[in-house]
Amino acid sequence: MAGPEVLDERYPCKVTAEFGNREAAETVVAQLADDPGLHHSRIELVVPGDQRLGSKLEPEDRGIARTALKSHVVLGLAFLVLGLAIAWLLVSFGPPLTRSSPVMVFIASGGLLTMIGLMLAGAITLRPDHDPMIASTRTAAQSGRWTVVVHCEDEAEKQRVKELVDYRAQTL
């Protein structure tokens, strides 16, 4: 849905894996830390009852804020231009009703499509694709399970981490 032009997070992809005990989770953390292309600061271990759960799952507060600003500006302006282009087509070639009130057509079309662009930007900023990972990690922490969270730069790194973690991984 959103390309790199709109998302302004350094690590937009995540891989999580749940474990029933500390030893298994720490083994995977050590295995991931040994990978030369993966910096240890992007590997988080969520322990049962973790008080820093939110910051471990979504550590990029500024990146999320930049994504919110950038997505609203880019999509708001893009949809405004689209709305004005549609209004121009309606005023130039449309039915007599739209040709008789060009100002109203420009206001309605430009305003409506701008609002649609802003709502789409809001949906991108909320990152609904992260909800399943957050919910399962929260449930795991509350039920005494350990979760390894890896913040990845791109899809290729996400696939590499997923292969290292094996079948236990959930990707975003």
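Quick notes
- Nearby lysines by direct alpha-carbon distance to K14 (threshold 17 angstrom, same-chain neighbours under 8 apart not counted): K56, K158, K162
- Global geometry of the range 63-126, whether rounded, prolate or oblate, following the gyration tensor of its Cα atoms and the 1.5 cut on a/c: prolate
- Pairwise label distance in nanometres, A123 with S55, each label 7 Å out on the Cα-Cβ vector: 3.3 nm
- Value of Rg to Rh for the chain (Rh from inverse mean 1/r over Cα pairs, i.e. Kirkwood): 1.20
- Between the beta carbons of A156 and I107, assuming R0 = 41 Å, the FRET efficiency works out to 0.35 to the nearest 0.05.
- Note on the chain: helix-only mean residue ellipticity at 222 nm, from DSSP H runs of 4+ residues weighted -39500 (n - 2.57) and normalised by residue number, equals -19500 deg cm²/dmol.
- Spin-label pair R10-D131: with each label point 7 Å from Cα along the Cα-Cβ axis, the two points sit 2.9 nm from one another.
- Of all complete DSSP H helices in the chain, those with a Cα span along the helix axis of 30 Å or greater and a mean Kyte-Doolittle hydropathy of -0.5 or more are 61-93, 102-126.
- Pairwise FRET efficiency - Q142 versus A24, Cβ, R0 = 22 Å, nearest 0.05: 0.75
- Length-normalised contact order for the chain - Cα pairs under 8 Å, 6+ apart - percent: 46 percent
- At 0.890 mPa s and 25 °C, Stokes D of the range 1-53 from Kirkwood alpha-carbon radius, µm² per second: 185 µm²/s
- Using the Cβ-Cβ distance between A33 and L69 with R0 set to 25 Å, the FRET efficiency from 1/(1 + (r/R0)^6) comes to roughly 0.15.
- Inter-part distance where the range 1-55 and the range 113-152 are each reduced to a Cα centre, Å: 14 Å
- Relative exposure of S92, S101, judged by other C-beta atoms within 10 Å (fewest first): S92, S101
Just so you know, all these numbers are worked out from the coordinates, no wet-lab data involved. What you are looking at is a predicted structure, and each value in this text was computed from that prediction instead of being measured. Note that we place each Cβ from the backbone using ideal geometry, even for glycine, and neighbour counts take in every protein chain shown.
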